[in-house]
């Protein structure tokens, strides 16, 4: 594993657009040129496992090159290109790891290349797979296979995952959920989904247990371990005995993770498997920064501002305070060093806890200039976990369990449907019928199930896997009984939002073709009217660069730094046609401008916006509005109904 300095150097290399001199890197890291040369040699070996290399040009500098390989003369003679070579080598790795043997003759015939090329491929493949382990090739009359201790084989699988991801088009620019889908072809869609869901729930419930920097690494290790167990392979007693670490918490956690996987995938694991997973959980714990690097005043200020914006008093939550004091300083340190982390659960967190997520991002944008950093959605997603857990402890939400006979994948689909009719602060969790004996059912406020289950003294609502209108009504009636008197009061419209909407900044049937055009045009008019400073448009654009604000419903909610807002306003845009925003096609946008003095209104404004966004009827009303009055009337009218409760 690379040291912290080597990681920083590698990160600098990744973020350079062109060659840079050794002197450039030595000044950036505050070390000698000789040290940089020494570290480069180590990094060169490390990046080979990802199919990358460091190109050196005398008098020019060095640069990291990705997704390319140096081919031998024989390959060039055959007219092979980089991409066909990479694909062929991935296939060979697949045969070795998943089919457990290869044949020179069959490979030569299948890929229509010479046996010499296949021999060269196998030499390269073993450089990748054997990195950091003792696995090796063994050949006989039955074929060539990969041999080694189970720990070595699993490390070879890890190298394979890294190689596949590094040679994909998703490597740098796309979210990690897309990267993990690439592995479904090898491990199976169900296994990837189950492992991701199990680890997501673990991270959410034990937020400080794994460093955010290493969550993706743990997910890879967990996927590989479960796959090997499913195929009948287990860690040896000798390997388990040699693993360091005596933290009982992590051994209990490893057992918990494997037990859930065993129930969902019908497999058996051993104590040695538990010890192995526990070892990796320990290795990937949070590394604390030295005390002198922790600015407690910044942490306390951030906590106070988010508390104010969410309208929840977190001052008495000692656990949240300690978590943030452990998490935020390293986060700031990472962002200043431009050391990007990958959170495999960002898209899920954005969907499940959209209100909390966006409130945190709006508030933290106030600190970007002061701290000299730009927050990204992966970091915000990790912070969302901490605050959402605090909300649960404060009993500000309800915990709902979803049980589905058709498997966890169907449960997740059902959860996404239910989320559209529930407050954003509520938490939904999925479970299979087999897991019910292992779950503390008393910790849930409501249980939804698509199958008849016998749970004495527990309220269970039976719903369709596709969640029809009758199901939604049953859920609403059960969850909002205590609020009947409140609901009987006259509907007052979305007052928190509408008081900040000016008819002058409602745009109907515009013809924007890109988010850049929309942001620039609306931003210019907001500047001219004195609502925001010129820097606001830049802050909105920067926000979109590090994470799109578009939603599957065809709505975008762009926002910028409150430092650059003079007076709070929300501009509403209804475009004539949909256009690609980031991940989705959008025709409705709410540009949110909240000033520092109105920070306490953040949650209320976003809550109203999300209640509108989550109502298909209201969105239909917005899209069909022929005038500004029609659109405002749709906000204030009771005709489409309201989502009960608070988002």
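Among the residues of the range 450-467, write down those that are modelled with pLDDT of 75 or more and either under 19 Å from residue 201 (Cα atoms) or assigned to a loop (DSSP other than H, G, I, E, B) (or both).
Looking only at the range 450-467, we keep the residues that are modelled with pLDDT of 75 or more, and these are 450-464.
Those that are modelled with pLDDT of 75 or more and either under 19 Å from residue 201 (Cα atoms) or assigned to a loop (DSSP other than H, G, I, E, B) (or both): 450, 451, 452, 453, 454, 455, 456, 457, 458, 459, 463, 464.
Against the definition (surrounded by fewer than 17 Cβ atoms within 10 Å (Cβ to Cβ) and either in contact with a strand residue (DSSP E or B) (Cβ under 6 Å, 6 or more places away or on another chain) or modelled with pLDDT of 80 or more (or both)), how does residue 70 come out, yes or no?
no
Pull out all pairs, ordered by first then second residue, where Cβ-Cβ is under 7 Å, the residues are six or more apart or on different chains, the first lies in the range 123-148 and is at positive phi, and the second is in a helix (DSSP H, G or I).
132/155
Of all the helices (runs of 4 or more DSSP H) wholly in the range 520-632, which have at least 2 residues that are within 26 Å of the chain's Cα centre (by Cα) and under 25 Å from residue 343 (Cβ atoms)? It would help to see each step written out before you state the result.
Details: elements: 534-545, 602-613, 616-624.
Output list reads 534-545, 602-613.
Kindly indicate the residue of the range 314-326 that is over 16 Å from residue 380 (Cα atoms) and touching a residue at least 60 places away in the same chain (Cβ under 8 Å) and also nearest to the chain's Cα centre (by Cα) among those meeting that condition. It would help to see each step written out before you state the result.
Kept after step one, since they are over 16 Å from residue 380 (Cα atoms), are these residues of the range 314-326: 314-319, 321-322.
Those still in the list that are touching a residue at least 60 places away in the same chain (Cβ under 8 Å) too: 314, 317, 319.
On the way: 314: 25, 317: 26, 319: 24 Å.
Once the filter is applied, the top-ranked residue is 319.
Among (1) modelled with pLDDT of 85 or more; (2) in contact with a helix residue (DSSP H, G or I) (Cβ under 6 Å, 6 or more places away or on another chain), which single condition is residue 494 missing?
Unmet for residue 494, out of (1) modelled with pLDDT of 85 or more; (2) in contact with a helix residue (DSSP H, G or I) (Cβ under 6 Å, 6 or more places away or on another chain): (1).
Working carefully through the options 259, 284, find the one that is under 25 Å from the mean Cα position of the chain (by Cα), over 30 Å from residue 315 (Cβ atoms) and at pLDDT below 75.
Matching residue, one of 259, 284: 284.
The values are calculated or read from the model by the stated rules, or taken from the named source; none is laboratory data. This is a predicted model, so every value here is computed, not measured. With ideal geometry, Cβ positions are generated from the backbone for all residues, glycine too; neighbour counts draw on all protein chains shown.
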